[in-house]
Amino acid sequence: MVTLPSGQHDARMDDVDIAIVGAGPAGALCAWLLAGSSPERRIVLLDAEAAPRHRPCGEYLSPGGLGVLERAGLLATVCATGAKRLSGLALRGPHGGHAVPYRPILGLVPPVPFGLGVRRERFDLALQEAAATRCTLIRQARVNAMRRVADGWELGTIEGHALRSRLVIGADGRGSMVRRTCGLDRKPSRLRFALVARAHGVDHGEAGEMHLGPLGQVGLCPLGDGEVNLNLLLAPASGTLLRRMPRERLLRAALAATPGLTGRTRHAVLGPVMATGSLPQGCRSIAADGVALVGDAGGFCDPFTGEGMSLALRGAELLAGALADGNGLAGYATDFNRAIGRRRRVGELLQGLIQRRRLAEGLAAGIDAMPLLGRLLVADAAGYRRT
């Protein structure tokens, strides 16, 4: 309906039905779906940034995530951003591995028969612009205050916006202010850091790749025009290296030490290397007291197969569906735990194996020796559905 720049406040927006804090993929998709199912709702989408920007992210969407976009009517919009179609996902260990194509297996079918490598700033912008046709988007509105009142929540931003909302959706990322303010934080049991860079000069195919290396897990996602996203999830024992080595030097060392990437990345031209804060973040509940959490605000999922953005989209779809069906926040919590909670438990199990070198090598060797195992693992992570 309208996009307001920083400093411009519309008094009619003081009282709204839903305030969504954070206009990343989960927040923007929530706004689009909720406004589409109930046009009479007064919905405001708040984003702290003046415009979407490149973030430390794997920039990969699985067939399951694309299925969410297709059901929302936004798949063609996202594909039109110049995103790169991916034919499958390769899981590679020290002794090699195979690319697993996105094809049906044992009655399981990918919702969309391809994945996407999509530059994050373009992806966010496409979803935000779509959402702004249905609800109010306010840029440069960083929420820094929340207070519980009788009929909902009062929110204030650094820029001076003041809103009162019946429901607040926290889509404000790993360090969510909404989660923290509502007392939903849970102290993480471990630390995990990541390095991310875009690069040219890296030989690649038409599939995304996940490699197990001595310094951590390395993802490679083609983005088109000869550019790839390289992301390194540091092994716990390698985390201290982030304090001792420059980011680019550490990323190059990890690439050089990872079988399957050593020669291919030797002459890579790296863009800026970004580091994340510690990724694991606990969450007591994803819905409570007039507040719901989506995306990274709802906790961390170990990205063994790089499905972080896809799970964020799925969570937004589950929340919008629960509210549209009248199941409320309790219904969302149930649906979330059934769908995404299970995926997180699988991720935790896999990461537990990966942290033990012999078990990790055994897992990788098993996937290499038994292609069916790799195909089933990809099918589960990529959100295949039973016909």
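At-a-glance table
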{"read-out": "Extreme residue, surrounded by the fewest Cβ atoms within 10 Å (Cβ to Cβ), among residues of segment 253-298 that are among the polar types (S, T, N, Q) and more than 26 Å from Lys187 (Cβ to Cβ)", "value": "Thr262"}
{"read-out": "Sole exception among (1) at pLDDT 95 or above; (2) crowded, with 17+ Cβ neighbours inside 10 Å for Thr133, by number", "value": "(2)"}
{"read-out": "Lone qualifier among Arg166, Arg180 - being without any contact (Cβ under 8 Å) to a residue 12 or more places away in the chain, charged (D, E, K, R) and not in a loop (DSSP other than H, G, I, E, B)", "value": "Arg180"}
{"read-out": "Among (1) more than 24 Å from Arg198 (Cα to Cα); (2) touching a strand residue (DSSP E or B) at 6+ places or on another chain (Cβ under 9 Å); (3) in contact (Cβ under 8 Å) with a residue 60 or more places away in the chain; (4) not basic (Lys, Arg), the one test that Pro104 misses", "value": "(2)"}
{"read-out": "Ala126 being within 27 Å of Leu279 (Cα to Cα), in contact with a Ser or Thr (Cβ under 7 Å, 6 or more places away or on another chain) and crowded, with 21+ Cβ neighbours inside 10 Å", "value": "yes"}
{"read-out": "Lone qualifier among Leu46, Leu61 - being hydrophobic (A, V, I, L, M, F, W, C) and either modelled with pLDDT under 95 or within 17 Å of the chain's Cα centre (by Cα) (or both)", "value": "Leu61"}
{"read-out": "Candidates Met245, Met177 - the one that is closer than 28 Å to Gly298 by Cβ and at pLDDT 90 or above", "value": "Met177"}
{"read-out": "Positions within segment 269-292 being modelled with pLDDT of 95 or more and part of a strand (DSSP E or B), in sequence order", "value": "Val269, Leu270, Met274, Val291, Ala292"}
{"read-out": "Tally of residues being modelled with pLDDT under 95 and among the aromatic types (Phe, Trp, Tyr) across segment 331-353", "value": "1"}
{"read-out": "Positions within segment 241-252 being more than 19 Å from Leu191 (Cα to Cα) and crowded, with 17+ Cβ neighbours inside 10 Å, in sequence order", "value": "Arg252"}
{"read-out": "Residue match in segment 55-68 (condition: assigned to a helix (DSSP H, G or I) and free of Cβ contacts under 8 Å to residues at least 40 places away in the same chain)", "value": "no"}
{"read-out": "Residue check, Gly321 farther than 29 Å from His200 by Cα, at pLDDT 70 or above and part of a loop (DSSP other than H, G, I, E, B)", "value": "no"}
{"read-out": "Hits in segment 293-318 - residues which are at pLDDT below 90 and either on the phi > 0 side of the Ramachandran plot or in a loop (DSSP other than H, G, I, E, B) (or both)", "value": "Gly299, Phe300, Cys301, Asp302, Pro303, Phe304, Thr305, Gly306, Glu307"}
{"read-out": "Matching option when the condition is surrounded by fewer than 16 Cβ atoms within 10 Å (Cβ to Cβ), among the hydrophobic types (A, V, I, L, M, F, W, C) and either assigned to a helix (DSSP H, G or I) or touching a residue at least 24 places away in the same chain (Cβ under 8 Å) (or both), among Ala90, Ala51, Ala35, Ala31", "value": "Ala51"}
{"read-out": "Residue ID - farthest from Ala312 (Cα to Cα), chosen from residues in segment 158-175 that are within 27 Å of the chain's Cα centre (by Cα) and among the basic types (Lys, Arg)", "value": "Arg166"}
{"read-out": "From the options Gly107, Gly152, Gly160, Gly97, residue that is more than 22 Å from Val291 (Cβ to Cβ), modelled with pLDDT under 95 and assigned by TED's automatic domain parsing to the domain that holds Glu40", "value": "Gly160"}
{"read-out": "Among (1) on the phi < 0 side of the Ramachandran plot; (2) modelled with pLDDT of 80 or more; (3) outside the structural domain of Met210 (by TED's automatic domain parsing), the one test that Gly328 misses", "value": "(1)"}
{"read-out": "Considering residues of segment 208-225 that are at pLDDT below 95 and in a loop (DSSP other than H, G, I, E, B) only, the residue surrounded by the fewest Cβ atoms within 10 Å (Cβ to Cβ)", "value": "Pro214"}
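The values are calculated or read from the model by the stated rules, or taken from the named source; none is laboratory data. This is a predicted model, so every value here is computed, not measured. Glycine also receives a Cβ, built like all others from the backbone with ideal geometry; neighbour counts cover every protein chain displayed.
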